[in-house]
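Engineer: Below you'll find the structure I mean.
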């Protein structure tokens, strides 16, 4: 089976799972702040780190934090294989009630058509959940896997500076599908889908700002109940060159 056929089957299967049943949808809003860094060690290896905090209801309530690190190996200039580990905490009414340990592996494919950039990523996550009671003691753990496929297109708009060739403005449009796999997922084979639009400001060679609108549609633990979330997501991306070149 080719990669393209796999993605097509996955998307079709997810759509059937999602739309073949009666649905009730609730609505909310969230605010995300996320910092990414890519530290180029040499032409082959890159350190990949990011940290994030999330709120909901207009910054009134804590939702989630994430700390993630990994390393990537470039098979060629367009294809990168990577793996890493994340530590995530989930809040309920501003109290930490669940932590997750999440190893992952991914394949990133980049393509450029003239000045238009196309990125595709397939990520596999192993998710270990540890509920906490009121005094912070772990309770019975659960495990499942999740597949994520994302595609994004970056469209250049204009230069922001005559003196700085790296200072540019572009628009990035993307979509990411999440599929659960495992014995503990119940009815939630479809996990969520994120459609994003990002006005992107490349300030210089190393710093990029992307205030992102994230339209997220997700399953819940209640069968037939889904959550539609409008997310304001401020992404800060930092490129660092650690090589001798």
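Engineer: Looking at 205, 162, which one is out of contact with any strand residue (DSSP E or B) (no Cβ under 9 Å at 6 or more places or on another chain) and at pLDDT below 95?
Structural biologist: Working: 205 fails: out of contact with any strand residue (DSSP E or B) (no Cβ under 9 Å at 6 or more places or on another chain).
162 is the lone residue from the list that is out of contact with any strand residue (DSSP E or B) (no Cβ under 9 Å at 6 or more places or on another chain) and at pLDDT below 95.
A quick yes/no check of all residues on (1) at pLDDT 95 or above; (2) surrounded by fewer than 16 Cβ atoms within 10 Å (Cβ to Cβ); (3) within 24 Å of residue 212 (Cα to Cα):
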{"residue": "22", "(1), (2), (3)": "no, yes, no"}
{"residue": "33", "(1), (2), (3)": "yes, yes, yes"}
{"residue": "46", "(1), (2), (3)": "yes, no, no"}
{"residue": "50", "(1), (2), (3)": "yes, no, yes"}
{"residue": "63", "(1), (2), (3)": "yes, no, yes"}
{"residue": "121", "(1), (2), (3)": "yes, no, yes"}
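Engineer: Which condition breaks for residue 42 when tested against (1) in a strand (DSSP E or B); (2) farther than 23 Å from residue 171 by Cα?
Structural biologist: Of (1) in a strand (DSSP E or B); (2) farther than 23 Å from residue 171 by Cα, only one is false for residue 42: (1).
Engineer: Output the number of residues of segment 99-127 satisfying the condition of being outside any strand (DSSP E or B) and without any contact (Cβ under 8 Å) to a residue 12 or more places away in the chain.
Structural biologist: Residues flagged as outside any strand (DSSP E or B) and without any contact (Cβ under 8 Å) to a residue 12 or more places away in the chain within segment 99-127 amount to 1.
Engineer: Sticking with this one: Across segment 80-95, which residue is surrounded by the most Cβ atoms within 10 Å (Cβ to Cβ) among those that are at pLDDT below 95 and not in a loop (DSSP other than H, G, I, E, B)?
Structural biologist: The extreme case among them is 92.
Engineer: Of the residues 181, 151, which single one is within 30 Å of residue 24 (Cβ to Cβ) and modelled with pLDDT of 95 or more?
Structural biologist: One residue alone meets the criteria, 151.
Engineer: Follow-up question, since we're still on this one. Keeping to segment 65-79, report how many residues are buried (at least 17 other Cβ atoms within 10 Å of the Cβ) and either under 16 Å from residue 107 (Cβ atoms) or in contact (Cβ under 8 Å) with a residue 40 or more places away in the chain (or both).
Structural biologist: Filtering segment 65-79 for residues buried (at least 17 other Cβ atoms within 10 Å of the Cβ) gives 66, 68, 70, 72, 74.
If we keep only those that are either under 16 Å from residue 107 (Cβ atoms) or in contact (Cβ under 8 Å) with a residue 40 or more places away in the chain (or both) too, we end up with 70, 72, 74.
Here the count works out to 3.
The values are calculated or read from the model by the stated rules, or taken from the named source; none is laboratory data. Quick caveat: nothing in here was measured; it's all calculated off a predicted structure. Every residue, glycine as well, gets a Cβ built from its backbone with ideal geometry; the counts of neighbours run over all protein chains shown.
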